[in-house]
Structure formats: C-alpha cells, structure tokens
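Student: Sharing a structure, written as structure tokens. Questions coming.
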Number of protein chains: 2
Amino acid sequence: MKPTIRDVAKMAEVSISTVSRVMNAPESVIESKRVRVLEAIEKLQYQPNSFARGLIYKKSFTLGLLIPDIENFYYTGIIRGMQDACIKLGYSLMICNTDRDKNRLLSYIDAFHEKQVDGIVFASDVMFPEYYEKLVRCRIPFVLLSTHSDEYDVPSVEIDDEAAAYDAVKFLIDLGHEDIGMIGFNHENSISGPPRYQGFIRALSEAGLEHNGNKVKNATHRFEHAYHAAHELFTEHPELTAVFCVADEFAMGVISYLKDRNVLVPGQVSVVGFDNLRVANMFIPKLTTIAQPMYDMGYRAAEKLHEWMTTGSVEVLRERMSHKLIVRESSRQR
Amino acid sequence: MKPTIRDVAKMAEVSISTVSRVMNAPESVIESKRVRVLEAIEKLQYQPNSFARGLIYKKSFTLGLLIPDIENFYYTGIIRGMQDACIKLGYSLMICNTDRDKNRLLSYIDAFHEKQVDGIVFASDVMFPEYYEKLVRCRIPFVLLSTHSDEYDVPSVEIDDEAAAYDAVKFLIDLGHEDIGMIGFNHENSISGPPRYQGFIRALSEAGLEHNGNKVKNATHRFEHAYHAAHELFTEHPELTAVFCVADEFAMGVISYLKDRNVLVPGQVSVVGFDNLRVANMFIPKLTTIAQPMYDMGYRAAEKLHEWMTTGSVEVLRERMSHKLIVRESSRQR
DNA sequence: AATCGCTTTGAAAAGGTTTTCTTGAAAAGG
DNA sequence: CCTTTTCAAGAAAACCTTTTCAAAGCGATT
C-alpha cells in the first residue's frame with residue numbers, strides 16, 4: 001500500500017496535522033519535529049495523495065492542450081514551450097490530439113471536464129459554437145493558440161498572418177518575381193487561410209501584380225496534397241517563377257513536384273514556406289520561410305491561461321507574437 | 001459551484017446512496033425514483049467528482065508516457081498509437097518530454113506518482129537503476145518501449161535492432177557495395193546503438209568485408225551532429241560508396257553533407273536510413289530505410305501495460321515487432 | 001398468524017488531505 | 001509568584017463519492 005500521511009505521522013510520532021504543516025508551512029513547526037517528519041517522509045517515500053488534495057483545493061493542477069495533428073511538426077515546438085511553462089507554473093500537462101475530428105475533440109473536452117483540468121489551450125482549430133458552449137458549460141477557462149474568435153471574447157495568442165504572408169510575398173516581389181503563385185489552406189475550417197491569402201493579395205496589389213490573384217491552389221495540411229496542388233497550379237500556370245506556400249510542408253511538396261519535373265529550385269522557381277519548422281533547415285534546398293516563434297507561443301499561451309485562471313482577466317485579449325522572414329536556399333533573384 | 005451528488009439527491013428527493021446507485025447499478029433502484037434522479041442529473045448538468053472517485057477506487061484511469069525528445073519525429077507515431085489504445089481502454093494519456101534530462105525524468109516520475117497514474121510507458125531511454133528503483137518504490141507498473149533491460153525483468157516492446165541493421169547493410173552489400181560506412185549512436189546511454197552496430201558487423205563478416213568494421217562515426221540524435229559525423233567519416237574514408245545510418249535524421253544529415261560537397265546521392269554514394277519517419281518520404285531523394293511500426297508499437301505498449309496492470313503478468317515479456325526494408329531513392333546498384 | 005426471504009432504501013463509514021478550533025505549555029510581564 | 005500572551009501541536013470537521021450494513025416493507029410459505 002502507498003504510505004499515507006498517517007504512516008508518516010506514526011513513524012515521526014506526531015499528529016497528521018503536524019505532518020501536513022511540515023509540507024505546507026514548515027516555519028510553523030519546531031525544528032526537532034520537522035526533521036523527524038522530513039526523515040519519515042524520505043524513508044517512506046511519501047507522496048501526498050493528489051485525489052485527497054484535489055478534493056480540498058478543487059484544483060487538479062493540470063492543464064489541457066488540444067491539438068489537431070500531432071504528426072504535424074508545427075505542434076512539437078508548441079508542446080515544448082507549453083510544457084516548460086507548465087513546469088514553471090507548477091502544473092502538469094495533458095495533451096490530446098484530435099486528428100481534426102469533431103467528435104473526438106468533444107469527447108476530449110468531456111475527459112478534461114471529468115479529470116477537472118484547470119484550464120485548456122485550444123490550438124489551431126476553428127472555435128465552433130458547439131465547442132465554445134460546451135467549454136463554457138463545463139466552466140473550464142481556455143485560451144486560443146494560433147487561432148482566435150470573432151464571435152466570442154476569448155484570449156488568444158497568434159501571429160499576424162496577414163502581415164506575415166505580405167512579407168513573404170513582398171520578399172519575392174523585391175527579388176524581381178512577377179509571376180507568383182500560392183498554395184494556401186482551404187478556407188472552410190481554417191483560421192489562418194483567409195488572412196494569409198489577403199496578405200498575398202495586398203502585396204500583389206501594391207506592386208501592380210494583381211494578375212496573379214487567382215493563381216492559387218489550396219491543400220489540406222499534408223505534403224501529398226501540396227504535391228498534387230502544385231501539379232494543378234503549374235499545369236494551369238506554367239509561367240510561374242515563384243510560389244508562396246502557407247506551410248513548410250507545402251513548400252516541400254511543391255519542391256518535390258518541381259524536382260520530379262526537372263525544374264530547378266531556386267534556379268528556375270523560388271519557393272517560400274511558412275512556420276520555420278525544424279525540417280526547413282534540413283531540407284534540400286533549405287527553405288526560405290516565415291518563422292513563427294512556436295516555442296514562445298506555447299509558453300505564452302500557458303502563461304496567459306494561467307493569468308486568466310487566477311485573476312479572471314487578461315491584460316491583452318488578443319496577443320500578437322512577431323514573425324520573421326528567414327532567407328535560405330529555396331529563393332533567388334529573378 | 002459545481003453541483004454535487006447532494007444537490008442531485010435533494011432535487012430528486014432521495015438519499016445520496018440512491019443517486020450513486022442510479023449511476024453505478026441502475027437496475028437496483030425502482031423506476032419512479034430512477035427517472036427523478038436522471039432528470040435531476042440532467043437539469044443540474046451533474047458530473048461526478050473524479051477526485052472523490054479516485055480516493056475510493058485508488059485509480060486515476062490515466063497512463064503516463066515518457067519520451068526523450070518530442071521534437072524527434074519518431075515519437076509522434078508512437079504517441080498516436082498509444083493515444084488510440086488509451087481511448088479503446090478507457091484511459092487518459094499524460095505525455096512527458098524529458099529532453100534527455102535525467103533530473104527532469106526523475107521529477108516527471110514524481111509527478112506521475114503524485115497524480116497517481118496507473119501505469120507508465122517508458123520510451124527509448126536506458127533503464128538506469130535509479131529510474132528502475134524509483135519506479136518500483138513508487139509501485140507504478142511500467143513497460144519499456146524501443147528499449148529493454150538486461151538487468152531487470154520488465155515487459156518491453158521493440159524491434160530486433162541487430163537484425164534490422166543487418167538487413168539494411170546486407171541490402172547495400174547485395175547492391176554491390178564494398179566500401180560501406182556507418183553513422184551510429186554513441187554507445188553510452190544508448191540501447192539500440194550496440195545491436196545496430198553488431199548487425200552492421202555481422203553483415204560485413206558474412207560477406208568478407210570486415211575491413212569496413214571501423215568506418216563508423218557516432219552522432220547524438222540530431223541532424224547537425226550527423227552532418228558533422230559525415231564530414232569526419234568521408235574525410236577519413238573518401239573511398240566509401242555507401243553509408244548505413246541508424247536514424248533517418250542522420251541519413252538526411254549525411255545526404256546534406258554530400259550535397260554540399262557535390263557528391264551525388266544515390267549517384268555516387270548510397271545512403272540507408274532507419275525508422276521510416278514521415279519525412280523519409282518527403283526528403284529529396286526519398287530515403288531508403290528500415291521501417292519501424294511506430295504506431296503499432298505505441299498501441300501495443302499501451303495494451304501490454306494494461307495487461308500488466310490488470311493481470312499482474314504478461315504473456316510475452318519481451319515482445320518483438322517486425323521491421324521492414326523500404327527501398328526508395330537514396331540507394332542504388334554500385 | 002407468525003416466520004422467512006426478498007427488494008428497496010437510508011444511514012454511516014471509509015478514503016487522505018487541509019484547515020479551523022482548541023488545548024496545553026512555555027514565555028513574558030507585573 | 002501569578003496572570004496574560006504567544007506558540008506549537010493535536011482533534012475534528014470538511015471535501016465528495018462508493019459501499020457496507022441495517023432496517024423497513026411486503027409477499028409468500030408454513
């Protein structure tokens with residue numbers, strides 16, 4: 001049997017109240033007894049029962065993280081950041097991977113509710129009313145990460161997708177490219193899809209290159225889709241000399257497609273990615289891309305959630321992290 | 001305030017015992033009262049308090065997973081498999097990323113102990129006596145994944161590293177290569193390092209190519225290290241026409257190095273990786289590699305843990321999953 | 001009519017901790 | 001030397017549920 005506070009008390013020959021005090025307010029118990037208790041704790045390898053504690057504090061000291069796809073490299077950085085923040089804050093972390101499945105997500109919220117997690121970080125998905133209402137009914141505080149909500153006032157942490165996309169496209173334009181395509185996210189069920197498309201359009205308009213506005217194909221998160229989209233894009237628009245991709249995985253898909261067609265990157269076509277995943281620096285050619293501070297975003301989301309949980313309010317509702325263009329080998333002067 | 005069983009009892013005008021029975025043994029309470037209780041539960045959105053329940057059942061219905069490096073693509077497949085198994089078994093999953101830090105791992109075990117997880121899957125790391133003893137002292141059942149222990153009798157799930165390495169090297173030999181190098185794992189703190197090296201040696205010996213036995217450099221998990229190791233390997237042994245890498249990330253590092261030296265892969269040098277990560281199929285060239293069934297391994301590890309937890313024993317102590325050579329573009333006939 | 005057995009229900013204990021309340025002893029003050 | 005104050009530490013209540021035990025009600029059997 002796991003030792004309880006009673007066993008410690010017996011071994012140290014004090015009452016259980018004293019043992020409890022040693023753990024929660026050590027100064028209030030006299031040194032001689034304190035060391036006896038500490039020794040007993042050490043000897044028994046005593047660890048307080050978190051169920052009993054939770055019953056009293058009504059807190060689990062656990063945060064939940066909901067991500068759409070753990071096989072997407074984007075989230076590993078987020079997880080690391082959030083986990084480090086959790087350690088700092090004294091919380092545990094429970095990660096759930098929804099596989100972009102609505103029912104699965106809903107049932108994870110139930111699980112979180114039952115396990116009494118103290119708060120949830122909800123990453124990347126659209127905040128549908130069903131989710132929102134369920135979360136509110138369960139009285140679980142939550143913040144949004146890499147997504148936001150126009151309908152509800154929910155704290156969020158994200159980058160400025162429109163500006164980031166603008167910067168990427170502007171960079172290609174400054175390189176002299178005049179025929180620029182794009183591989184985007186499908187707009188339905190996507191938060192970052194529309195603003196990134198708008199950034200693309202704004203950069204084109206400013207440079208008088210509106211004729212590229214419809215040279216866009218969408219894909220759904222995976223390499224294979226991007227490969228396929230690249231095929232469609234270049235079949236319709238063989239004149240393209242540059243492609244802006246809203247994800248590094250898409251950029252890899254595009255480059256693979258071009259490679260299979262014996263088109264040189266960046267020799268004949270420049271490709272810019274998005275996210276700056278760890279692979280962006282391992283791919284051949286290394287990807288020019290928009291860097292998102294994934295680690296910091298995960299960290300910050302946890303801090304913000306904590307702020308929200310403890311104070312009931314939040315300094316900035318919608319927090320913007322800064323992005324940065326990283327120039328590597330997949331882009332070149334026209 | 002969250003409603004309790006008392007509130008439900010009051011509203012339904014029965015005792016709390018009756019409410020509890022409605023939830024745990026519905027047939028034992030007469031229909032009229034049962035519907036009253038059910039209505040009250042519905043109206044109050046009552047959800048039993050898992051702390052109180054845990055206190056009684058002494059179970060958290062949560063499993064823990066300890067992985068060394070969440071940024072290593074290898075583990076995402078494992079996580080998915082284990083998570084699916086957990087859903088099937090009715091458990092939640094708590095993932096902790098140790099960053100290969102001993103103290104961090106130890107403190108995660110404490111956290112698991114405190115949170116009373118019912119069992120742990122311990123992935124990839126060496127089972128040091130400290131860990132083992134701590135786990136045993138905490139009385140937490142655990143199984144090993146992609147690792148095993150010679151000293152202790154602990155259930156484990158892994159592939160046959162020696163045979164897998166042998167297969168990879170044999171494949172290169174059959175392709176006509178006679179000068180074969182290897183990028184391995186440092187042997188200290190590595191479980192799969194030595195057997196994979198032995199597989200390499202056995203394949204060489206069988207073919208009378210022992211002279212390659214020392215053309216080995218080791219690296220520590222990351223791309224950059226492998227790049228550097230490749231530099232050392234080819235500086236010392238420029239005659240090499242093939243390299244066996246014990247990780248896909250190493251293969252990418254080697255190929256990147258060769259690319260920077262204008263050596264063609266697979267034109268001049270063949271490279272074989274290990275793991276068959278999702279990127280292996282996205283890299284240029286696509287990697288020839290040894291596939292491990294990561295998803296199945298994660299799934300199986302959870303099942304095995306459950307078997308161990310519930311029955312106190314396990315059918316096969318050390319379970320071997322099968323690997324498979326996948327031939328893609330990074331290798332070629334000599 | 002009395003006893004037995006069955007079903008249904010409520011009261012109460014148990015599970016491990018924190019915290020409030022109380023008590024006893026020692027220190028301080030006159 | 002006696003009273004007051006302070007401090008340390010124990011007893012007990014509270015947190016919420018499940019489960020055991022006992023009792024009550026009721027039909028059936030003798």
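Student: Magnitude of the Cβ-charge dipole of segment A:211-334, K/R +1 and D/E -1, about the Cα centre, nearest 20 debye?
Tutor: 320
Student: Ok, one more. Using a label point 7 Å beyond Cα on the Cα-Cβ vector, give me the inter-copy distances for A:I56 in nanometres, one decimal, shortest first.
Tutor: 2.2
Student: Then there's this: Using a Gaussian network model of chain B with C-alpha springs under 10 Å, which one of B:L65, B:L145, B:L135 is most mobile by mean-square fluctuation?
Tutor: B:L135
Student: Copy-to-copy spacing for B:N103, label 7 Å out on the Cα-to-C-beta vector, in nm, shortest first?
Tutor: 4.7
Student: Can you put B:T4, B:T76, B:T289, A:T310 in order, fewest other beta carbons within 10 Å first?
Tutor: Placing the least packed residue first, the sequence is A:T310, B:T4, B:T76, B:T289.
Student: Between beta-carbons, use under 12 Å as the cut-off and find the net charge around B:K259, counting Lys and Arg +1, Asp and Glu -1.
Tutor: Result for the local shell: 0.
Student: For the protein assembly as shown, give the magnitude of the charge dipole about the Cα centre (Cβ charges: +1 Lys/Arg, -1 Asp/Glu; no others), in debye to the nearest 20.
Tutor: The dipole magnitude comes to about 1980 debye.
Student: From the phi angles alone, apply the Karplus equation (6.51, -1.76, 1.60; θ = phi - 60°) to segment B:232-241 and give each ³J(HN,Hα) in whole Hz, x where the residue is Gly or Pro.
Tutor: 4, 4, 7, 5, 6, 10, x, 6, 4, 10
Student: So what's the back-of-envelope 222 nm ellipticity for the protein assembly as shown, counting only DSSP H runs of four-plus at -39500 (n - 2.57) apiece and dividing by all residues, rounded to 500? If you can, show how the numbers build up before the last one.
Tutor: On the way: 24 runs with 300 residues, N = 668.
Result for the protein assembly as shown: -14000 deg cm²/dmol, rounded to the nearest 500.
Student: Same structure again: Of B:A280, B:I255, B:A85, which is farthest along the charge dipole of chain B in the positive direction, counting Lys and Arg as +1 and Asp and Glu as -1 at C-beta?
Tutor: B:A85
Student: Can you give me the long-range amide H partners of A:I95? Hydrogens built in the peptide plane at 1.01 Å from N, cutoff under 5 Å, separation of 5 or more residues or another chain.
Tutor: It is A:L65, B:I95, by chain and number.
Student: What does the copy distance list look like for A:P194, label position 7 Å along Cα→Cβ, in nm and ordered from shortest?
Tutor: Ordered by distance, the counterparts are at 6.0 nm.
Student: Please work out the Cα center distance from segment A:270-296 to segment A:80-99, rounded to the nearest Å.
Tutor: 24
Student: Shape call for segment A:1-79 from the C-alpha gyration tensor, a ≥ b ≥ c root eigenvalues: rounded (a/c under 1.5), prolate (a/b greater than b/c) or oblate? Intermediate values should be presented prior to the final figure.
Tutor: Working: a/c = 2.94, a/b = 2.86, b/c = 1.03.
Note, shape of segment A:1-79 comes out prolate.
Student: Pick out, from B:T76, B:A52, B:L65, the residue whose Cα sits farthest towards the positive end of the charge dipole of segment B:7-79, with +1 on the Cβ of Lys and Arg and -1 on the Cβ of Asp and Glu.
Tutor: Farthest along the dipole direction, towards plus: B:A52.
Student: As a check on your reading of the symmetry: which chain A residue has its Cβ nearest the axis that brings A onto B, and how far is it in Å?
Tutor: Closest Cβ on chain A to the axis mapping it onto B, in Å: A:F51, 2.
Student: For segment A:1-101, what's the relative contact order in percent, using C-alpha pairs closer than 8 Å and at least 6 residues apart?
Tutor: For segment A:1-101, the relative contact order is 24 percent.
Student: Roughly how large, in nm² to one decimal, is the mean projection of the convex hull of the alpha-carbon atoms in segment B:76-214?
Tutor: 10.1
Student: Sticking with this structure for a sec: Specify the residue with the greatest mean-square fluctuation among A:S50, A:S313, A:S146, computed from a Gaussian network of chain A linking alpha-carbon atoms under 10 Å apart.
Tutor: A:S50
Student: I want the local charge near A:V8. Using Cβ-Cβ distances under 13 Å, sum +1 for each Lys or Arg and -1 for each Asp or Glu among the other residues.
Tutor: Net charge in that neighbourhood comes out at +4.
Student: Next question, about the same structure. Which listed residue (A:S156, A:F200, A:I290) has the Cα farthest towards the positive end of the charge dipole for chain A, taking +1 on Lys and Arg C-beta and -1 on Asp and Glu C-beta about the Cα centre?
Tutor: Going by the Cα projections, it comes out as A:S156.
Student: Let me ask something else about it. Under the definition of Cα pairs under 8 Å and six or more residues apart, what whole-number percent is the relative contact order of segment B:170-265?
Tutor: 34
Student: Additional query: If r is the Cβ-Cβ distance from B:R139 to B:D101 and R0 is 30 Å, what FRET efficiency results, to the nearest 0.05? Could you put the intermediate results ahead of the total?
Tutor: Values: r = 24 Å, r/R0 = 0.81.
The calculated FRET efficiency here is 0.80.
Student: Decide, for the protein assembly as shown, between rounded, prolate and oblate: order the square roots of the alpha carbon gyration tensor eigenvalues as a ≥ b ≥ c, take rounded if a/c falls under 1.5, and otherwise choose prolate if a/b is larger than b/c, else oblate.
Tutor: Because a/c hits 1.5 or more and a/b fails to exceed b/c, the protein assembly as shown counts as oblate.
Student: What is the spin-label model distance, in nm, from B:E224 to B:K10 if the labels are put 7 Å beyond Cα along the C-beta direction?
Tutor: That separation, rounded to one decimal, is 6.2 nm.
Student: Expressed as a rounded percentage, what relative contact order does chain A have, with Cα pairs under 8 Å and six or more residues apart? Could you put the intermediate results ahead of the total?
Tutor: Numbers: 612 pairs, mean separation 58.7, N = 334.
Contact order relative to length: 18 percent.
Student: With only Lys, Arg, Asp and Glu charged, each at its Cβ (+1 for the first two, -1 for the last two), find how big the charge dipole of chain A is about the Cα centre; round to the nearest 20 debye.
Tutor: 1480
Student: Hey, another quick one. Would you please classify the overall shape of segment B:168-282 from the alpha carbon gyration tensor, given that a ≥ b ≥ c denote the square roots of the eigenvalues, rounded means a/c under 1.5, and beyond that prolate means a/b larger than b/c while oblate covers the rest?
Tutor: Here segment B:168-282 falls in the rounded category.
Student: Moving on to the next point. Would you mind ranking B:C138, A:C96 so that the residue whose beta carbon has the fewest other beta carbons within 10 Å leads the list?
Tutor: B:C138, A:C96
Student: Run down the lysines and flag those whose C-alpha is under 26 Å from the C-alpha of B:K102, throwing out any fewer than 8 positions away in its chain.
Tutor: Excluding near neighbours in sequence, the set is A:K2, A:K43, A:K88, B:K115, B:K134, B:K217, B:K304.
Student: So if we plug the beta-carbon distance of B:V316 and B:Y152 into 1/(1 + (r/R0)^6) with R0 = 25 Å, what FRET efficiency do we get, rounded to 0.05?
Tutor: According to the calculation, E is roughly 0.95.
Read-outs throughout are calculated quantities, based only on the coordinates presented, and are distinct from any laboratory measurement. Since this is a predicted model, take the numbers as computed values, not measurements. FYI the Cβ positions are ideal-geometry reconstructions off the backbone, even for glycines, and counts take in every protein chain you see.
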